[in-house]
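The values are calculated or read from the model by the stated rules, or taken from the named source; none is laboratory data. Remember, it's a predicted structure, so these values are computed and weren't measured experimentally. Note that we place each Cβ from the backbone using ideal geometry, even for glycine, and neighbour counts take in every protein chain shown. Accessible surface areas use protein heavy atoms only, side chains included; no ligands, DNA or RNA. Shrake-Rupley method; radii C 1.70, N 1.55, O 1.52, S 1.80 Å.
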Amino acid sequence: IVDEEHESSYKQQDPAPRYNGRDAAMVLASMHGAKTLLGSATPTVDTYYKARTGRYGLVTLTERFEGAEPPHVEIVDMSQARRSGAATGAFARTTRRLVAEAIGRGEQAILFLNRRGYAPVARCRMCAYIPKCTHCDVSLTYHRHAGKLVCHYCGATYPLPEICPACKEPSIETVGYGTERIEEELSVAFPGGKIARMDLDTTRNKDGYEQIIESFSRGYTNILVGTQMVTKGLDFDRVSVVGVINADAVINFPDFRSTERAFSMIEQVAGRAGRRNTRGVVSVQTSQPGHPVFPFIAAHDYGAFYEYAIDERRKYAYPPFTRLIYIYIKHPDIDSVVNLSTAYASRLRTLLGNRVFGPEEPAVARIQSLYIRKIMLKIETEASMAKVRALLRGLYEEMHIHNPAMRRAVVYYDVDPM
């Protein structure tokens, strides 16, 4: 049984071996002649396509447990709210009112923001200088509890500068919101509220996760703010309000699965509200209320969302209509990685033609002092993956023979990436 089969955390991304635990479960079951049960309220588009086309069996549950009504979803236009003065800090007036009413009734609220730390960016308000990690091409996140700037890719920490290194002015400020800052704003907005925060920073020790869940379940805390940890299958009797603080951060991720992830993540966290006697309410804050995913979320209509998503995948030849292979090339020298990736892609095109895309810079183009380029392969689903693997292995050996820069390069493959 693979519960919440849509979860991307089943995929081992780094280090090798890169595999999907869901797929490994199906292989194991087939080896023993057993069935695999994949469960999810928001299955991946790939999985649901296989169920709809007869490769998998399909069983649907059309009602919530004990006939509970699905929560009412309010899409809050944050741009309009800020223009009209109906938003303070990270919260729209609608979200504040719903949380206050829930606490007043003795109920609980969950607030979801998929970004940990206090603020995602430190910036000089005079010259716009932004401190970045010396090993990775990312801005640093400020963690107020630790009093440090942290790189969320390599883990390096830096002091928050009092004086701007660029213009020498004492004008460094923190910009944006993480769960730590949301927790602070909540403590001011609801002085009588008992607030807990659940993210990687508060659950590092052995019992941190269980203690937070137990405290919230027993009613010792009545507001829970957290990252995607709060979306994952939690069942609380008294939660009547869920707030999604910044839906745009999920929607605007540069990936063909971003709409699927947004629907899944918001629908899953919405499902924490009103699981027993009262109908829950979900406040989704966004600056893009016209985005096509929101009507599906508001209607809790996975079927209609699937039809929208599968048409898009068919149009642009993405899974489940093809299989993807990402080839990552890393090197400590920027010129070497550019030359290597260009040569790699060129040679691949002679072998695979228009199935090859790139090379391109990924969203984060340097991690742990290694520059990165990515090549994408779109392979027909009926193609022999054994032949593709042999071809890629042969090319790798050929490149080693003819290109000295390969000695310091790291090349790895991610098949069926998430």
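Couple of notes before you dig in:
- Taking every C-alpha pair closer than 8 Å and separated by at least 6 residues, the mean separation divided by the residue count of the range 71-173 gives a relative contact order of 17 percent.
- Shape call, the chain: gyration tensor on alpha carbons, a/c limit 1.5: oblate
- Gaussian network model of the chain, Cα within-10 Å springs - most flexible of V241, V59, V282: V59
- Packing rank of 381-389, 399-407, 255-263, where each peptide gets the mean count of other beta carbons within 10 Å, highest leading: 255-263, 399-407, 381-389
- Dimensions in Å of the range 278-407 - Rg and Dmax from alpha carbons: 20.3, 68
- With contributions of -39500 (n - 2.57) from each DSSP H run of at least four residues, the per-residue ellipticity at 222 nm computed over the chain stands at -9500 deg cm²/dmol.
- The chain: most fluctuating residue of G39, G274, G353 per GNM, C-alpha cutoff 10 Å: G353
- Shape call, the range 317-379: gyration tensor on alpha carbons, a/c limit 1.5: oblate
- Relative contact order for the range 142-206, counting Cα pairs under 8 Å that sit 6 or more residues apart, in percent: 18
- Relative contact order (%) - the chain, alpha-carbon pairs under 8 angstrom, separation at least six: 17
- Sequence-distant residues sharing a close amide H with V244 (under 5 Å, placed H): F112, S283, V284, Q285
- When the range 1-62 is reduced to its Cα atoms, the Kirkwood hydrodynamic radius in Å: 12.5
- The alpha carbon gyration tensor of the range 156-311 gives principal lengths a ≥ b ≥ c with a/c of 1.5 or higher and a/b no greater than b/c, which makes the shape oblate.
- The range 293-334 residues near the modelled M385 label - backbone nitrogen below 14 Å, point 7 Å along Cα→Cβ: 319-326
- Size estimate for the range 33-134 follows the Kirkwood approach: the inverse of mean 1/r over distinct Cα pairs works out to 19.3 Å.
- Across the range 353-363, computed HN-Hα scalar couplings (Karplus, 6.51 cos²θ - 1.76 cosθ + 1.60, θ = phi - 60°) run x, 7, 7, 9, 10, x, x, 9, 6, x, 4 Hz from first to last residue, x flagging Gly and Pro.
- The range 277-319 and the range 98-113 have their alpha-carbon centroids 24 Å apart.
- Backbone HN-Hα couplings from phi across the range 127-137 [Karplus 6.51/-1.76/1.60, Hz, Gly and Pro as x]: 10, 6, 4, 10, x, 10, 5, 6, 9, 9, 8
- Beta bridges by DSSP in the chain, antiparallel share as percent, to the nearest 5: 60
- Of Y142, Y318, Y396, the one that fluctuates the most in a GNM where the chain has Cα springs shorter than 10 Å: Y396
- Taking 0.36 nm per residue of separation and subtracting the current Cα-Cα distance, fully stretching the chain between A86 and S9 would add 24.1 nm.
- Lacking any other cysteine beta-carbon closer than 4.7 Å, the following Cys residues of the chain have no compatible partner: C154.
- Hz values of 3J(HN,Hα) by residue in the range 240-254 - Karplus curve (6.51, -1.76, 1.60), Gly and Pro given as x: 10, 10, 10, x, 9, 6, 9, 5, 4, 4, 7, 5, 8, 5, x
- For E185, solvent-accessible area (1.4 Å; no DNA, RNA or ligand), Å²: 40
- Rolled with a 1.4 Å probe across the full set of protein chains, the surface gives M198 an accessible area near 0 Å².
- Inter-centroid distance (Cα atoms) of the range 30-70 relative to the range 345-418, Å: 34
- Simple spin-label estimate for Q288 and D416 in nanometres, 7 Å along Cα-Cβ: 2.8
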